[in-house]
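**Student:** One structure is given below, represented as structure tokens, and several questions about it will come after.
The values are calculated or read from the model by the stated rules, or taken from the named source; none is laboratory data. It should be emphasised that the depicted structure is a prediction, and the values quoted were computed from it without experimental measurement. Cβ placement follows ideal geometry from the backbone for every residue including glycine, while neighbour counts extend to all protein chains displayed.
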Amino acid sequence: MTLEPDGSSPARKSLFAGRQKERKAKCSVPNRAGAQRHPSCILIKGRYLISTREPRTNQLLAALDDESFQRLAPDLQLIAMPLGWVLYESGGRLNYLYFPVSGIVSLLYVTVNGASSEIAITGKEGLVGISLFMGGESTTNRAVVQCAGHAYRIPASTIKREFALGGAFQSLALRYTQTLITQMAQTSVCNRHHTLDQQLCRWLLLSIDRLAGDELIMTQELIANMLGVRREGVTEAAGRLQEAGMITYSRGRITVLDRAALERHVCECYVVVKNEFARLLPSEMSLNA
């Protein structure tokens, strides 16, 4: 069963009514009561084919050994992540850790006057809620869904217990946290020292790496909030990239036409983040897998 975020409004529920009609065969990963909890695996000739909603679509879960994964599997719960949904607020207590399997979650810092700036993004390559296993219980940033998708959530108590074992999950979680710290540091450098065109290229590449295609649904106002700049600046930068044939942009829909040109135009921050990810995490994990 796919759960909606806590506190969903009737309008939000209707938004997902159509999506929830698509059901797959159940994956045989029983919970402690013997119930089938994980959707979207199809059994063919004794093997399960992975779909985009199977838990191990998330690359951190996929990198775990079977024994570690089986300890977590009974408590994994699939939820929908609608655009704009807040997973946690600054200073709030986290009750769950999230493993996205599709979509993108943006980590934002919001100032006292309401201005915001993105410090990192997370997709199916990672997790959301590092403060749970780092010991802080809460954090100063805000986690908001930037591109709608799905995630598996797991209770804080389960993830803390697994982390305390000191096994595969602890190692992967700490290494992923280091890649996240690198992304935050490079975002800070990029926002201070590089042009808005380069910042937009970095943001587009990091976002596309976490999606299945080359298209983003995002208004200029939302992009401006993510980058912490004026909307007019994003309009001008997107126009220049479009004139150069790198992207098309119309009515909130951005399509990357020439990825190679974006990579040539982007600053070094994108490559630093991608190389650190490749250095610290298993070779089968990739930002644009």
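**Student:** Looking at (1) modelled with pLDDT under 90; (2) in contact with a Phe, Trp or Tyr (Cβ under 9 Å, 6 or more places away or on another chain), find the lone condition where Gly34 falls short.
**Tutor:** (2)
**Student:** Specify which of the listed residues (Ile119, Ile159) is farther than 12 Å from Leu97 by Cβ and touching a Leu at 6+ places or on another chain (Cβ under 6 Å). Can you show your working first?
**Tutor:** On the way: Ile159 fails: farther than 12 Å from Leu97 by Cβ.
Answer to the check: Ile119.
**Student:** Pairs, please: C-beta under 8 Å, at least 6 apart or cross-chain, first residue under 17 Å from Ala260 (Cα atoms) and among the basic types (Lys, Arg) and in segment 271-289, second modelled with pLDDT of 90 or more and part of a helix (DSSP H, G or I)?
**Tutor:** Lys274/Asp209
**Student:** Has segment 164-182 got any residue that is in contact with a strand residue (DSSP E or B) (Cβ under 6 Å, 6 or more places away or on another chain), of a type outside the set (Phe, Trp, Tyr), crowded, with 18+ Cβ neighbours inside 10 Å and touching a residue at least 40 places away in the same chain (Cβ under 8 Å)? Spell out the reasoning first.
**Tutor:** Kept after step one, since they are in contact with a strand residue (DSSP E or B) (Cβ under 6 Å, 6 or more places away or on another chain), are these residues of segment 164-182: 180.
Filter once more, so that each one left must be of a type outside the set (Phe, Trp, Tyr): 180.
In the following step, the residues that additionally are crowded, with 18+ Cβ neighbours inside 10 Å were identified as 180.
Now restrict to residues that are touching a residue at least 40 places away in the same chain (Cβ under 8 Å): 180.
For segment 164-182, residues in contact with a strand residue (DSSP E or B) (Cβ under 6 Å, 6 or more places away or on another chain), of a type outside the set (Phe, Trp, Tyr), crowded, with 18+ Cβ neighbours inside 10 Å and touching a residue at least 40 places away in the same chain (Cβ under 8 Å): present.
**Student:** Another question about this same structure. So in segment 221-234, with the set limited to residues that are within 15 Å of Trp203 (Cβ to Cβ) and not aliphatic (A, V, I, L, M), which one is surrounded by the fewest Cβ atoms within 10 Å (Cβ to Cβ)?
**Tutor:** First, pick out the residues of segment 221-234 that are within 15 Å of Trp203 (Cβ to Cβ): 221-229, 231, 233-234.
Filter once more, so that each one left must be not aliphatic (A, V, I, L, M): 221, 225, 228, 231, 233.
Numbers: Glu221: 12, Asn225: 20, Gly228: 17, Arg231: 14, Gly233: 17.
The residue in question is Glu221.
**Student:** If Ser138 satisfies all but one of (1) part of a loop (DSSP other than H, G, I, E, B); (2) more than 22 Å from Leu83 (Cα to Cα); (3) within 18 Å of the chain's Cα centre (by Cα), what's the number of the condition it fails?
**Tutor:** Of (1) part of a loop (DSSP other than H, G, I, E, B); (2) more than 22 Å from Leu83 (Cα to Cα); (3) within 18 Å of the chain's Cα centre (by Cα), only one is false for Ser138: (3).
**Student:** While we're here: Can you confirm whether Ala143 is among the small types (Gly, Ala, Ser), buried (at least 22 other Cβ atoms within 10 Å of the Cβ) and under 30 Å from Leu72 (Cβ atoms)? Steps first, please.
**Tutor:** Values: among the small types (Gly, Ala, Ser): yes; buried (at least 22 other Cβ atoms within 10 Å of the Cβ): yes; under 30 Å from Leu72 (Cβ atoms): yes.
When the stated conditions are applied, Ala143 passes them.
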